[in-house]
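**Q** Structure in structure tokens, see below.
The values are calculated or read from the model by the stated rules, or taken from the named source; none is laboratory data. Since the model is a prediction, treat every value here as computed from it, not as a measurement. Cβ: placed from backbone, ideal geometry, glycine included. Neighbour counts: every protein chain shown. Note: areas computed on protein heavy atoms with side chains; ligands, DNA, RNA excluded. Shrake-Rupley method; radii C 1.70, N 1.55, O 1.52, S 1.80 Å.
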Amino acid sequence: MRFILRRLGFYLIAFWASITLNFLLPRFMPGDPVSRMFARSQDRMQPEQIEALRKLLGVDDRPIWEQYIDYMHNIFTGQMGVSISRFPTPVTEVISAQIGWTLLLGGTALVVAAVVGNLLGILAAWRRGGAIDSALPPLLVFIGSFPYFWLAMGALYLFGVVLGWFPIRHAFTDGLEPAFTWEFIGDVGAHLVLPALTIVLVSIGGWMLGMRNTMIATNSEDYITMAEAKGLRPGRIMLRYAARNAMLPSVTSFGMGLGFVVGGALLTEVVFAYPGVGYQLLNAVQGLDYPLMQGLFLTITAAVLLANFLVDILYVRLDPRVRSN
């Protein structure tokens, strides 16, 4: 319990620091969103309307410490302001409408890459020098050296444009009404294949190599030799003894990846016009949408910190050595 409370205090401090940076950074950026809205309106806005907009968006002439207090109050009451680029839609509505698609894309890619990569790493380490250990690591590292967007554009052109096997944009077909029907679920799955595949191909090599290296070190431990001397089946030794103990670093990596699911697929979402948080973040930066940028950054930061805290709790259960620290 002391360990969990100590970690909780650390993450609360980190969350406060991230909120403060989240407040300061957009205000240090060049440009004024209200001035841009005034320019788009072709000078039809009155001075009192401009002042009201500045106050609504939190970029008025008040001292910065007053803006900070109001910002903290709004954060803890769930009021993130109004989006400038999608005025007058609240920021919470914009994020809630997009985050589900990002979780679907990033979560699917993360689970597939982690499960398949770890299984391949276990088999490669257990049968060192075999076909899997000799062929797959260099191949997957070579594929993983390519950027997300390069593979995304290649897959989009080959499988979407040339072969026509998969849709090339959005999360579902235009005109299809979202509903929990097999038709809609199948359509969403077809749109998910290409963007998720590009993320999996880039990241699966790291999962495999990480598990392979940890398994090789674990295989030399005395308890593995003891299990072999007792005559246990090789499959049981591999899974119950070696893989179980080698899994701890992968749990940490999975927790980190789970946190970055929220904002880690920006370029892939842009290439496929996938309506996720990353695509919306790009639009917010281009439109100097301070409230939406702050809301998205805060959501991503909270997701990373929460995922790491959950991993710390899980570590207490998986590794007894942590409890004595």
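**Q** Every residue in segment 180-204 that is open to solvent by 40 Å² or more (accessible area, probe 1.4 Å) and more than 30 Å from Pro138 (Cα to Cα), please.
**A** Phe180, Thr181, Trp182, Glu183, Ile185, Gly186, listed by residue number.
**Q** Hey, another quick one. Quick one: what pairs do we get from segment 164-175, first residue under 20 Å from Gly278 (Cβ atoms), second exposed (fewer than 15 other Cβ atoms within 10 Å of the Cβ) and of a type in the set (Phe, Trp, Tyr), C-beta under 9 Å, 6+ apart or different chains?
**A** That search, which allows pairs on different chains as well, returns Ile168/Tyr157.
**Q** On to the next question. Tell me which residues, restricted to segment 173-204, are outside any helix (DSSP H, G or I) and farther than 21 Å from Tyr157 by Cα.
**A** Gly175, Leu176, Glu177, Pro178, Ala179, Phe180, Thr181
**Q** Only one residue in Phe142, Phe159 is open to solvent by less than 80 Å² (accessible area, probe 1.4 Å) and of a type in the set (Phe, Trp, Tyr). Which one?
**A** Just one listed residue meets the conditions, Phe159.
**Q** Among what's in segment 75-96 and is in contact (Cβ under 8 Å) with a residue 24 or more places away in the chain and open to solvent by 40 Å² or more (accessible area, probe 1.4 Å), pick the residue that is farthest from the chain's Cα centre (by Cα).
**A** Phe87
**Q** Moving to a separate point now. Within segment 205-249, restricting attention to residues that are outside any helix (DSSP H, G or I) and touching a Phe, Trp or Tyr at 6+ places or on another chain (Cβ under 9 Å), which residue is nearest to Pro137 (Cα to Cα)?
**A** Checking each candidate, the answer is Glu221.
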